[in-house]
Structures are given as C-alpha cells and as structure tokens.
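Rule-based calculations on the coordinates, nothing more; no lab input. As the structure is a computational prediction, the values presented were derived from the model and not from experiment. Note that we place each Cβ from the backbone using ideal geometry, even for glycine, and neighbour counts take in every protein chain shown.
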C-alpha cells in the first residue's frame, strides 16, 4: 500500500513542478530572446536530369535580405533582417526591435557548374538552381542493358 502511494506521489510531483516551471521554460527556450529571432528554414533538395534544385522556406523576407556565397565546394546561404518601430504617445514611448537571421551551408556536388547557379525569391521560397556540368548530364542519361 505504501509503495502504491509513493508511486502516485512521485508521478504527481513532476507534473506540478513542470506546470510551475513551464512558463519560464517557454520564455527561456524561445527562439526569440531579447528581440532576436533565430530560425532554420526548411529545405528541400531535388535532382532532375539537368540540375539540382535547392528550395528554402523563408517567408517575410525580401530578395535583398539574402547573401549567397560560394567558397570552394561550399555554398553558404544567409539572411539578416532588422526591424525597428517606435510609438510615441503623450505618456509613454514604446520601442520595438526585432532581428532575424540564419545561415545554412551546403556542400556542392562535383558535377555542379558553379558559374551558372541561379537564385530566385518568390512567394516566401528562395529557390536555387544548381545546373549540372555537361559531362554529368551525359553520364546521367538512361541506358538499357540487355541481359544475355
């Protein structure tokens, strides 16, 4: 009987403790602390016969907010956006500041033509087209082998 009571008590204590701490945890673990929001955008990578398509979901940005750099076989996609607003009333002044940033690195395959990489931003999606070199396109051509 005492074991049963002890088990019930230990189960209830973490629950009460978690309920008490949860609001603080959500404030501390929040991606937005001190006006800074850090996000890691969702990424889809698809391959076609002619190229690789890299799509990042980054709504609310402008095309000028992005930086895309290539160093060797590493492509870095980063973004920084700063927003400030100030409201002055007779009895108070409210300043709001928000800073959003991210940086993602991807290793480029050897068969990507770095000189022809293209980037477009539409409807909250940053889409990079990474065209394949001509040799890679020829190697990717389908070939049927007959079994003898």
Next on the checklist: Test of understanding: what is the full-extension gain from residue 107 to residue 129, defined as 0.36 nm times their sequence separation minus their Cα-Cα distance?
Outcome noted: 6.5 nm
Checklist entry - Rounded to the nearest 0.05, what FRET efficiency do residue 143 and residue 46 have when you use their Cβ-Cβ distance and R0 = 22 Å? => result 0.50
Next on the checklist: When the expected Rg is taken as 2.2 N^0.38 Å, what fraction or multiple of it is the alpha-carbon Rg of segment 91-148?
Outcome noted: 2.17
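So what is the orientation-averaged projected area of segment 32-139, using the convex hull of its C-alpha atoms, in nm²?
Taking a quarter of the hull surface, the average projection is 8.3 nm².
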Checklist entry - Counting only the backbone N, which residues of segment 59-86 are under 18 Å from the spot 7 Å out from the Cα of residue 98 toward its beta-carbon? => result 59-66, 79-86
Item to check | Exposure proxy order (Cβ contacts within 10 Å, fewest to most) of 132, 114 | outcome: 114, 132
Next on the checklist: If neighbour count is taken as other Cβ atoms inside 10 Å, put 129, 85, 103 in order from fewest to most.
Outcome noted: 85, 103, 129
Item to check | Exposure proxy order (Cβ contacts within 10 Å, fewest to most) of 92, 106, 52 | outcome: 92, 106, 52
